[in-house]
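See below for the structure under consideration.
The values are calculated or read from the model by the stated rules, or taken from the named source; none is laboratory data. Worth saying up front: this structure is predicted, and the values here are computed from it rather than measured. Positions of Cβ are generated from backbone atoms using ideal geometry, with glycine treated the same way; all protein chains shown enter the neighbour counts. Keep in mind that these areas ignore ligands, DNA and RNA; they rest on the heavy atoms of the full protein, side chains included. Shrake-Rupley method; radii C 1.70, N 1.55, O 1.52, S 1.80 Å.
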Amino acid sequence: MASTCLEFALKPSTCFSTKLPPNPSKFRVFTVRCSALRSSDAATATGLVERPWDVANARLVLEDGSIWKAKSFGASGTQVGEVVFNTSLTGYQEILTDPSYAGQFVLMTNPHIGNTGINFDDEESRECFLAGLVIRSLSINTSNWRCTEELAKYLAERNIMGIYDVDTRAITRRLRQDGSLIGVLSTEGTKTDEELLEMSRSWDIVGVDLISGVSCKEPYEWVDKTKSDWEFNTNGGNEKNYRVIVYDFGIKHNILRRLASYGCKITVVPSTWPASETLKMKPDGVLFSNGPGDPSAVPYAVETVKEILGKVPVFGICMGHQLLGQALGGKTFKMKFGHHGGNHPVRNMRNGRVEISAQNHNYAVDPITLPKGVEVTHVNLNDGTCAGLTYPALNVMSLQYHPEASPGPHDSDCVFRDFIELMKSVKQQHA
């Protein structure tokens, strides 16, 4: 059996570079001998073929030419997407199942992910729609009484790629400086860095209709309310007094639960559902939901909104807010790196109240382009962008963030009551 040896002796004269200590005779001379099996022999002798720890086996290649080596978890393969960072400290499962992240790699700035595992009560949609997950440290233990599964297994079962042991701080600073970047995530060693870089530079998320891939295919009724353990609104309706049609552009389940808790009878329809069919159902109000991507890539949705405006009260959330902005004659623009996180301060311009909001969007409405009569009701305090609109003449209200997400914890939930009051007022006028 071959081995490699290293042997050396330590003497007083080698330990002290200037002069010897007063009693050098008290110092002993000793020999250190180190040996190790050669790698090939070690594998044969121990039966180990692979190292007992994970090694870097994945790459994230960004369109700016930077290459980030990492360790993989979840699914394997090669995937392209837009890289965005999320500043939420908790709620990674809600992020994973938010359809608004379709086509994107989500980088979590919080370094420890996976600590609470997975539980199926926190799902926000029927599946994971994001392209991949990028984190600093993958927790090897879970600690939560509701946990039923580990994060790595959960992603693998849903064919979602993830990487960890990567410098998420450095990538976040790059995204803040240069803006959101297209990237390619790969565990395939046969693909060269040049090939992955070419993939990142030949794909673009702008102008792509991502809504059609996350919307439901047929209408359905929604009846589930917020569970009693989590319900904080004691003034919600017990009877279904208002019929609401919800356009599914990537709807989150908790939006539907909050509407149901406020006493709404809900029918969810696909993104391509004709406005004429919606009006035949004689709703008291219409909600245009959140969703992924570029609002300018779905002109059919803008036309649907236009046909419904002025006929019934409408409420837009996130993508729905942007579509309403365009339908009213305004323009939207792509932000540098967007808003993604559960700690965004928003000022309600009507009462001066500041709400801590959950946000997830890369586009915003330009308020300067909106027609006279449209009022900006909310402003993001981080960058001054429009976070809410109202147009009383057409019974329109909208928000650019998620009022159901409760990061404040319940700062914005009252907007559902505002929608109820709007429908109530219009219904009384036509009684």
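Hey, in the GNM for the chain with a 10 angstrom Cα cutoff, which one of Glu231, Glu63, Glu198 fluctuates hardest?
Comparing Glu231, Glu63, Glu198 in the GNM, the peak value goes to Glu231.
Given only helices, namely DSSP H runs of n ≥ 4 each adding -39500 (n - 2.57), what is the per-residue ellipticity at 222 nm of the chain, to the nearest 500 deg cm²/dmol? Numbers along the way, then the final one.
Values: 11 runs with 94 residues, N = 431.
Rounded to the nearest 500, it is -6000 deg cm²/dmol.
Percent relative contact order of region 316-410, based on C-alpha pairs within less than 8 angstrom and at least six residues apart?
32 percent
Along Cα→Cβ, 7 Å out, is where each label goes; now give me the distance between the ones at Ala56 and Glu127 in nm to one decimal.
3.3 nm
Rounded to whole Å and ordered largest first, report the semi-axes of the equivalent ellipsoid of the chain derived from its Cα gyration tensor (root of 5λ).
54, 22, 22
Just for the Cα atoms in region 384-430, what are the lengths along the principal axes, largest first, rounded to whole Å?
37, 22, 10
If you count, for each residue, the other Cβ atoms within 10 Å and average over each peptide, how do 205-213, 323-331 line up from highest to lowest?
In decreasing order of mean packing, 205-213, 323-331 become 323-331, 205-213.
Within the chain, what's the longest run with no chymotrypsin sites (Phe, Trp or Tyr not before Pro) in a DSSP loop and at most 13 other beta-carbon atoms within 10 Å? Give the range, please.
Result for the longest clean stretch: 233-431.
Counting pairwise Cα distances across region 90-193, what percent come out greater than 21 angstrom?
Here the long-distance tail beyond 21 Å is 35 percent of all Cα pairs in region 90-193.
Going through region 157-265, which trypsin sites (Lys or Arg not before Pro) have at most 15 other Cβ atoms within 10 Å and a DSSP loop state?
Passing sites in region 157-265 are Arg158, Lys191, Lys217, Lys227, Lys240.
Could you tell me whether region 76-131 comes out rounded, prolate or oblate from its Cα gyration tensor? Rule is a ≥ b ≥ c as square roots of the eigenvalues, rounded for a/c under 1.5, then prolate if a/b exceeds b/c, otherwise oblate. Present the calculation step by step, with values, prior to reporting the outcome.
On the way: a/c = 1.66, a/b = 1.19, b/c = 1.39.
It comes out oblate by the Cα gyration axes.
Using 0.36 nm times the number of residues separating Glu157 and Trp230, minus their current alpha carbon distance, what extension gain do you get?
Working: separation 73, 0.36 × 73 = 26.28 nm, distance 2.85 nm.
Result: 23.4 nm gained on full extension.
Given N residues in region 247-369, what is Rg(Cα) / (2.2 N^0.38 Å)?
In units of the globular-protein estimate, region 247-369 measures up at 1.08.
Roughly how many percent of the accessible protein surface of the chain is carbon and sulfur, given a 1.4 Å probe and a whole-percent answer? Write out the running numbers ahead of the final one.
Details: 10510 of 20920 Å².
On the chain, the fraction of accessible area on carbon and sulfur atoms equals 50 percent.
Which FRET efficiency value, to the nearest 0.05, do you get for Met335 and Ser202 by plugging their Cβ-Cβ distance into 1/(1 + (r/R0)^6) with R0 = 25 Å? If you can, show how the numbers build up before the last one.
Numbers: r = 23 Å, r/R0 = 0.93.
Efficiency, from the Cβ-Cβ distance: 0.60.
Using the 2.2 N^0.38 Å rule of thumb for compact globular proteins, work out how region 135-239 stacks up: its C-alpha Rg over that value, please. List each step's numbers first, then the result.
Numbers: Rg = 20.6 Å, N = 105, 2.2 N^0.38 = 12.9 Å.
Relative to the 2.2 N^0.38 Å estimate, region 135-239 comes out at 1.60.
Give me the accessible area per residue for region 207-315, probe 1.4 Å, as a whole number in Å². Intermediate results must be reported in sequence, preceding the final value.
Details: 4560 Å² over 109 residues.
Ligands and nucleic acids excluded, the figure is 42 Å² per residue.
Figure the gain on full extension for His430 and Ser137 (residue separation times 0.36 nm, minus the Cα-Cα span) and round it to one decimal in nm.
Length gained, His430 through Ser137: 99.7 nm.
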